[in-house]
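Presented below is the structure to which this report refers.
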Amino acid sequence: MHLASYTIRGRTSFGVVSGDGIIDLRLRLPPRYTSLFDLLRAGALAEAEAAIRAVRADFPLAEAALLPPILAPEKILCIGVNYANRDAEVSGGTEGAKYPSMFFRTPNSLVGHDQPIVRPKVSQQLDYEGEIALIIGREGRHVPRENALDYVAGITMCNEGTIRDWLRHGRFNVTQGKNFDASGSIGPWMTTGVDLKKPLRLTVKVNGEVTQDDTTASMIFSFADLLAYVTTFMTIKPGDVIATGTPTKKGGTNPPKWLMPGDMLELSVPEIGVLRNIVIDES
């Protein structure tokens, strides 16, 4: 299933994308489910599957404004430098490291599909990082690696937008450069039923040119590795998001080429679809 959050005809809802239409689950499920977040917390994905059997779409997908799949996750965790060969781009990378590098993002830093990404007034160094993100479906702590994927409800894509010259405003952190409002995106929806043990191909295009293209086989820490590690020190909960790292950019980043207003980014994973956003300047 492709499970989406959206606004339609003046209301916020959630549903299943089916072809060129959407089956509205808020109209078809019990009233206690007001969001995809509620559905995950209740462990009710099976109810959603049952509700869409042999039914037609309620309205065209083109009429909906897609939002981030999970509107208010408790945690958005991001993994840094998690693909082979990224040490060529980033000094002090994690290749050969014992543990992954991590940081947090806030929900307001990510917009949905077809919503504009904002280059802030204080910097011209808006960069992008295409990633596959896990959405958690079960609460867990000290999760064994061999069972870790059982805790994933689905996957989505994330443009982990970054303001490069703000990554080192503080001496030891990257939080500022990773959390400018509307500097990145996530979506277009959460896809369930994907075999996460098989390599997934992620492709990023900027203005139609392929700039990132790799598979999860190149990850240094696998999805299961990341979940086992994270749950050694915190409890994961339904709706939590884990962005799992970005592949190396084609041609390197020297000299860096920053995003400009009017640039169009497209992230694609065949099993999910396409996440598309245009860049605008902060007003």
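The values are calculated or read from the model by the stated rules, or taken from the named source; none is laboratory data. Computed from a prediction, not measured in an experiment: that's the story for all the values here. Glycine gets a Cβ as well: all are built from the backbone with ideal geometry, and neighbour counts include every protein chain shown. Areas reflect the complete protein model, heavy atoms only, side chains present, ligands, DNA and RNA absent. Shrake-Rupley method; radii C 1.70, N 1.55, O 1.52, S 1.80 Å.
Side notes on the structure shown:
- Of residues in region 231-258 being open to solvent by 40 Å² or more (accessible area, probe 1.4 Å), within 23 Å of PRO73 (Cα to Cα) and among the polar types (S, T, N, Q), the one farthest from the chain's Cα centre (by Cα): THR232
- Among residues of region 1-44 being in contact with a helix residue (DSSP H, G or I) (Cβ under 7 Å, 6 or more places away or on another chain), open to solvent by 10 Å² or more (accessible area, probe 1.4 Å) and within 13 Å of ALA57 (Cα to Cα), the one that is modelled with the lowest pLDDT is ARG28.
- On the stretch given as region 259-283, residues that are in contact (Cβ under 8 Å) with a residue 60 or more places away in the chain and crowded, with 17+ Cβ neighbours inside 10 Å total 12.
- Residue satisfying condition, being out of contact with any helix residue (DSSP H, G or I) (no Cβ under 8 Å at 6 or more places or on another chain), aliphatic (A, V, I, L, M) and modelled with pLDDT under 95, within set ALA133, ALA65, ALA88, ALA72: ALA88
- Among all positions in region 144-160, there is at least one residue which is at pLDDT 95 or above, more than 29 Å from ASP38 (Cβ to Cβ) and not hydroxyl-bearing (Ser, Thr, Tyr).
- Residue check, ALA224 open to solvent by less than 20 Å² (accessible area, probe 1.4 Å), small (Gly, Ala, Ser) and under 30 Å from VAL16 (Cβ atoms): yes
- Residue that is most open to solvent (accessible area, probe 1.4 Å) [pool: residues in region 95-111 that are part of a loop (DSSP other than H, G, I, E, B) and among the small types (Gly, Ala, Ser)]: GLY96
- The residues in region 177-219 that are assigned to a helix (DSSP H, G or I) and open to solvent by less than 60 Å² (accessible area, probe 1.4 Å) can be counted, and the count is 4.
- Within region 30-42, no residue satisfies the criterion of being more than 16 Å from MET190 (Cβ to Cβ) and either outside any loop (DSSP other than H, G, I, E, B) or aliphatic (A, V, I, L, M) (or both).
- Counting only residues that are in a helix (DSSP H, G or I) and in contact (Cβ under 8 Å) with a residue 60 or more places away in the chain, region 112-147 holds 2 of them.
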